[in-house]
Every structure is written in structure tokens, then in C-alpha cells.
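This structure is in C-alpha cells; I'll ask about it shortly.
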Amino acid sequence: MQKRILIAGATGVIGVRLIPILIGAGYDIVGMTRSITKLELLTELGATPLLCDVYDRKLLLKSVLDFAPDIVMHQLTDLPDESDLTPSFVQANNRIRTEGTFNLVESVRQLPKARIIAQSVAWKLPDSGEDVVKEHEKMVLEIGGTVLRYGRFYGPGTYFVNDLPENPRIHIDEAALSTLLAINTKSGIVTISE
């Protein structure tokens, strides 16, 4: 039987690369986005599009229950397109890692056989960001999920298109391929970097 994955953050820089890879590996994919303008992109990539904001807890729980995925994959961030604007997005990105993660974890709890895989970072964040990341990872691990600690992405569509970021780092295409390989990893932390 074909395994089903719901990807939250499906139109992000890694999500758009993951969808074709996962479909090619035989998975049935629902791609979740909060932007109505991105539904067509999800269809073009081969995913079933789902318009849902992770902060709309009631709709999220219903959507996950309706699709009944084997895996809920948390690839959500709330970051700007320009890296120099990142400091003004810290609170929004922290909210994704707290409230957004909480809502996704609660959606997984509805399905006894489902598990969660969540994106995290492989480097230390400044200030309160580190505490937020620890809490985010703890929520995922407490229900038997897998945390993917990615290095800094580089390559097309990232902040580092032509230059290499400092370590830990990973090319965005390699990160997507490594995510496929990590899908069947037991609960725990997987670092994805060069």
C-alpha cells in the first residue's frame, strides 16, 4: 500500500524539491500551503494541494484526519526572501517553531500509526532562538518523531546562490535527497550536512 505524506511548508525552498523526489519514490503527497496563489504550483509538482494555515488549528486537525497520512512532515519556516531582512522575522519564525509545531504534533496525535518529521537547524542560534529550537525539537521527539537538523542551505532559491555559507552547510538538492533517505529513520535526531 502506498504511504501517504502531508508536507507542511510544501512550497518552500526544500518542499518544492522534496515533492517530486517523494512521488518518484512511490509516496502519495499532500502539499500544504497557506497561500492560494501557490495551489497551482503544488498541482504541477504532482501533489494534492491543501490550503491550510498551520495556525488554524481546527482546520489543520480536520485536514490531517481527512488525509490520514502515515507521516506529517514539518518543513515550515517564516523567513523573508532577502537574507538581510531575517532579523525582523525572528518572532514569526519562532512562532512557527512553537505554536506551529504544537499544532502539527497535535494533528499527528489523532492518528495512532502516524509520525512526524520536522525540520530544524544544525547550528546554534543567537539569543532566545536556541531555546525555541530546543522546545521545538522536544515536542517532536516526545511523540516518537524525527528531527532533521539541516546545515545552512546553499544553491538555487537559497540565500547562498553563488557563495558557500559557513559550516555546517548542505546543497539544497542534497538536502532534499537526504530527507528521502531519512524518512524511515527511527525516532531521534538526524543531522543533514556536508
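Report yes if some residue within region 38-45 is of a type in the set (D, E), under 25 Å from P156 (Cα atoms) and loosely packed, with under 14 Cβ neighbours inside 10 Å; otherwise report no.
The answer is yes; a qualifying residue exists.
Does region 77-93 include one or more residues that are within 22 Å of I183 (Cα to Cα) and buried (at least 19 other Cβ atoms within 10 Å of the Cβ)?
No, that holds for no residue.
What number of residues within region 2-24 are at positive phi and open to solvent by 30 Å² or more (accessible area, probe 1.4 Å)?
Here the count works out to 0.
Also, I was wondering about something else. Take L61 and decide whether it is part of a loop (DSSP other than H, G, I, E, B), modelled with pLDDT of 95 or more, closer than 18 Å to L104 by Cβ and not aromatic (F, W, Y).
Answer is no for this residue.
Could you please find all residues in region 178-194 being closer than 27 Å to L164 by Cβ, surrounded by fewer than 16 Cβ atoms within 10 Å (Cβ to Cβ) and in contact with a helix residue (DSSP H, G or I) (Cβ under 8 Å, 6 or more places away or on another chain)?
L180, I189, E194, listed by residue number.
One residue is enough: does region 33-43 have a residue meeting the conditions modelled with pLDDT under 95 and within 23 Å of E106 (Cβ to Cβ)?
no
Of everything in region 144-192, what is under 24 Å from G26 (Cβ atoms), of a type in the set (D, E, K, R) and touching a residue at least 24 places away in the same chain (Cβ under 8 Å)? Give them in sequence order.
D173, K186
Looking only at region 165-186, count every residue that is farther than 18 Å from T86 by Cα, part of a loop (DSSP other than H, G, I, E, B) and at pLDDT 95 or above and tell me the total.
Residues meeting the conditions: 2.
Okay, moving on. Could you go through region 18-25 and let me know if any residue there is in a strand (DSSP E or B), closer than 20 Å to A114 by Cα, modelled with pLDDT of 95 or more and of a type outside the set (D, E).
Among the residues of region 18-25, not one is in a strand (DSSP E or B), closer than 20 Å to A114 by Cα, modelled with pLDDT of 95 or more and of a type outside the set (D, E), which makes the answer no.
Could you run through region 120-162 and say how many residues are in a helix (DSSP H, G or I) and among the hydrophobic types (A, V, I, L, M, F, W, C)?
5
Condition (residue is outside any helix (DSSP H, G or I) and farther than 14 Å from V30 by Cβ) applied to region 99-112: is it met by at least one residue?
So far as region 99-112 goes, yes, one or more of its residues are outside any helix (DSSP H, G or I) and farther than 14 Å from V30 by Cβ.
The values are calculated or read from the model by the stated rules, or taken from the named source; none is laboratory data. Quick caveat: nothing in here was measured; it's all calculated off a predicted structure. Virtual Cβ from ideal backbone geometry, glycine too; neighbours counted across all protein chains shown. With ligands, DNA and RNA removed, areas are computed over all heavy atoms of the protein, side chains included. Shrake-Rupley method; radii C 1.70, N 1.55, O 1.52, S 1.80 Å.
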